[in-house]
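Quick notes on the structure that follows.
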Amino acid sequence: MKKILLGVMSVIMLAGICSADPFFKLSLWEKTALPSDDAVSGIEFGIGSDTSKVKGLAWNFLYGKTENVKGVQLAFINWSNTFLGFEWGAANFNEGHIDGVQMGFFNRSKSVKGIQFGVVNMTEDMKGIQIGIANFIKNSSLPFMVIVNAKF
């Protein structure tokens, strides 16, 4: 576990060094943030945020709204259009593609390549596994399953 955490932190630190985007962003609400940049390569921390691009960690207490995430997104509610990494929240709404893990009470995405883990999981296209009470894959020969659903 320590090696995984060290690896994640190394990627976050290197992303900030290799990019012109700020390394740290403190978001109070929507676009009220310091700095006010619309992209972060490192750590975004706040109450509620609306940041277009996050490479690294987006950690918000209430909600995080993004267009593109590569890394980890943690919030009570998460919205993102394109996601690569790990997303955790009470409700995750993704209007694009997830390539990684989406965890929450309610998960919804247009396309998933990886794992959805929650009480209710919904997606249109899946290449992976859903684990939860109610699992929906719209474009599947088995569109609904209880406990586990998968499509490869």
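Details
Conditions (1) closer than 16 Å to TRP79 by Cα; (2) part of a strand (DSSP E or B); (3) of a type outside the set (A, V, I, L, M), marked per residue:
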residue: VAL101; (1), (2), (3): yes, yes, no
residue: GLY104; (1), (2), (3): yes, yes, yes
residue: ASN121; (1), (2), (3): yes, yes, yes
residue: ILE129; (1), (2), (3): no, yes, no
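- If you go through segment 137-149 and pick out every residue that is buried (at least 19 other Cβ atoms within 10 Å of the Cβ) and either closer than 13 Å to PHE86 by Cβ or in contact with a Lys or Arg (Cβ under 9 Å, 6 or more places away or on another chain) (or both), you end up with 1.
- The sole residue among GLU44, GLU67 that is crowded, with 16+ Cβ neighbours inside 10 Å, modelled with pLDDT of 90 or more, acidic (Asp, Glu) and assigned to a strand (DSSP E or B) is GLU44.
The values are calculated or read from the model by the stated rules, or taken from the named source; none is laboratory data. Owing to the predicted nature of the structure, the values given are computational and were not obtained by experimental measurement. Every residue, glycine among them, receives a Cβ derived from its backbone with ideal geometry; neighbour counts consider all protein chains shown.
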